[in-house]
Amino acid sequence: MQIGELSKRTGVSVRMLRYYEQQKLLKPSRLASGYRDYGVEEEETVRHIRRLGEAGLKLDVIRRFLPCVTGERPDFHPCPDLLDTLRREVSVIEDRIALLEESRLDILGYLERADKGS
């Protein structure tokens, strides 16, 4: 399939698909005409990239993670040092959650004080 069709099927823009290719996350074959030819494997890879990105992983981690991913869901067979990387990512996410919770409490405090002053 051509890049436009892959974009429609995955919900990822053509520009982002080209970026994935530039970053060596996708490796489509080329037709005799020079057009990129994306297959089912590339479509599945794009879906994995999206899911992993939505989980908060950055492309450098996703690049290391992709060779280990199997099936439709991002289930995986651990690659060397991948588990440590994922543990670090969870720690970063937990730190972000703590900061967001602190911000939420600050804002709620401001609102409470404002409501009392009204």
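Label points 7 Å out from Cα along the Cβ direction at Arg51 and Ala114: separation in nm?
4.1 nm
So what's the Cα pair-distance distribution over region 1-77, bin width 10 Å, in %?
Histogramming region 1-77 at 10 Å steps yields 19, 55, 23, 3 percent.
So which lysines pass the test for Lys24, namely a Cα distance under 29 Å, with those fewer than 8 places away in the same chain ruled out?
Within the straight-line limit of under 29 Å, Lys24 reaches these lysines: Lys8, Lys58.
I want to check the label-to-label distance for Glu21 and Glu44. Put each point 7 Å from Cα in the C-beta direction and report it in nm to one decimal.
A separation of 2.1 nm, rounded to one decimal place.
Coordinate-derived values only; no laboratory data. Owing to the predicted nature of the structure, the values given are computational and were not obtained by experimental measurement. Ideal geometry is used to build each Cβ from the backbone, glycine not excepted, and the neighbour counts take in all protein chains shown.
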